[in-house]
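In what follows, a single structure is set out as structure tokens and then discussed.
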Amino acid sequence: MKQSYCRAVWVLLVCVMALPSMAVRAQTWPSKPIRLVVPFAPGGNTDIIARFIAPRMTQDLGQQILIDNRGGAGSTLGTNIAVKSPPDGYTIVMVSTAHVINPAVIKSLPYDSINDFAAVTLVADVPNALVVHPSLPVHNIRQLVALARSRPGDLIYATPGRGTSTHLAIEMLASAANLKMLHVPYKGVGPATVDVVSGQAHMIFAAMPAFIEYVRSGRLRMIAQATATRSPVAPEVPTMIEQGYKDFLVSSGFGMLAPAKTPKPVINRLNAAVVKALQEPAVRSGLSSQGAIPVGNSPEEYDRYNRTEIEKWRKVAQAAGVTPE
């Protein structure tokens, strides 16, 4: 009993002695470059948004923000690399909606999507939209449904992987309209979009930044938005709701996380750097031109957002018949 008491006192003393050291490290942070892991291939939505804010964060923090693209395994590969890094603020990760969908579609994640992370902020919320290759003779959902029914299993839809919001959005449409189409998964929304542009696939349902420039140049055609109201970047394109699909709302949240136990002062400093970047007119207008809505909320608000989204996507996956694998 005495030994147990002494051991407990010793552990308490070690923790108390460590507190000043942790505080000093937090005060001197950052003293070297910071790695921002993007768990997707270059050119996708997450990568685009990360590259919008990284230069401004560099200016504010006085240290280089180095983007490290680590795509694969539905974003879990890069996310796992980040979360297994030391919780010192020098490795952070930019996640997409895949982070809150994965618990519903992957049986054995290598991490706990909530408890193994410290929330920094929701950077941007991005509405999803459905685009098709211009060779496809459709200009709205009604025409797409008619064509897909006349050619069952023939139309190809590209996604950045099974169980992503891109995949679930198409599955929601296929379920609602009783369609049979061919799913071709890629290692990121960037490569998937490129193959739709080249005509290797017929369509993709994804967040706007990945394809908005292709739409503007006429290389892709947007036929529906999964928003409550039409986005200012595409006011001529009707929503899924307007086209008869009630409550069809799909958006992608892009946020920043750090490994759990990252010192709170460091989390607050990261949060402040992102919020400051998002307040710059050039960043706001740049993101808005891509169809993204800048957010920059508190760590506590972003944590609540992630918890709510995980439960929402569990229900969506179940309704779409997508089971964990």
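Summary table
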| quantity | calculated |
| --- | --- |
| With all protein chains modelled, accessible area of TYR214 [1.4 Å, Å²] | 60 Å² |
| Pairwise centroid distance, computed over Cα atoms, of region 25-49 with region 120-151, Å | 31 Å |
| Positive-end residue of VAL237, ALA320, THR308, charge dipole of region 208-325 with Cβ unit charges | THR308 |
| The chain: antiparallel DSSP beta bridges as a percent of all, rounded to 5 | 60 percent |
| Carbon plus sulfur fraction of accessible area for the chain, probe 1.4 Å, in percent | 57 percent |
| Residue-normalised accessible area of the chain, expressed per residue, 1.4 Å probe, Å² | 45 Å² |
| Against the rule of thumb 2.2 N^0.38 Å, how large the Cα Rg of the chain comes out | 1.09 |
| For region 39-133: rounded, prolate or oblate by the Cα gyration tensor [a/c cutoff 1.5] | oblate |
| Heavy atoms of TRP29: accessible area, 1.4 Å probe, square angstrom to 10 | 20 Å² |
| Computed [θ] at 222 nm, helices only, for the chain once each DSSP H run of length n ≥ 4 contributes -39500 (n - 2.57) | -14000 deg cm²/dmol |
| Which of ALA146, ALA129, ALA54, positive extreme of dipole for region 26-152 (C-beta unit charges) | ALA146 |
| Check: region 215-325 dipole with +1 on Lys, Arg Cβ and -1 on Asp, Glu Cβ, in debye | 200 debye |
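The values are calculated or read from the model by the stated rules, or taken from the named source; none is laboratory data. Nothing here was measured: the structure is a model prediction, and the numbers come from that model. We place every Cβ from the backbone using ideal geometry, glycine too, and count neighbours over all the protein chains shown. Please note that ligands, DNA and RNA were not included when accessible areas were found on the heavy atoms of the full protein model with its side chains. Shrake-Rupley method; radii C 1.70, N 1.55, O 1.52, S 1.80 Å.
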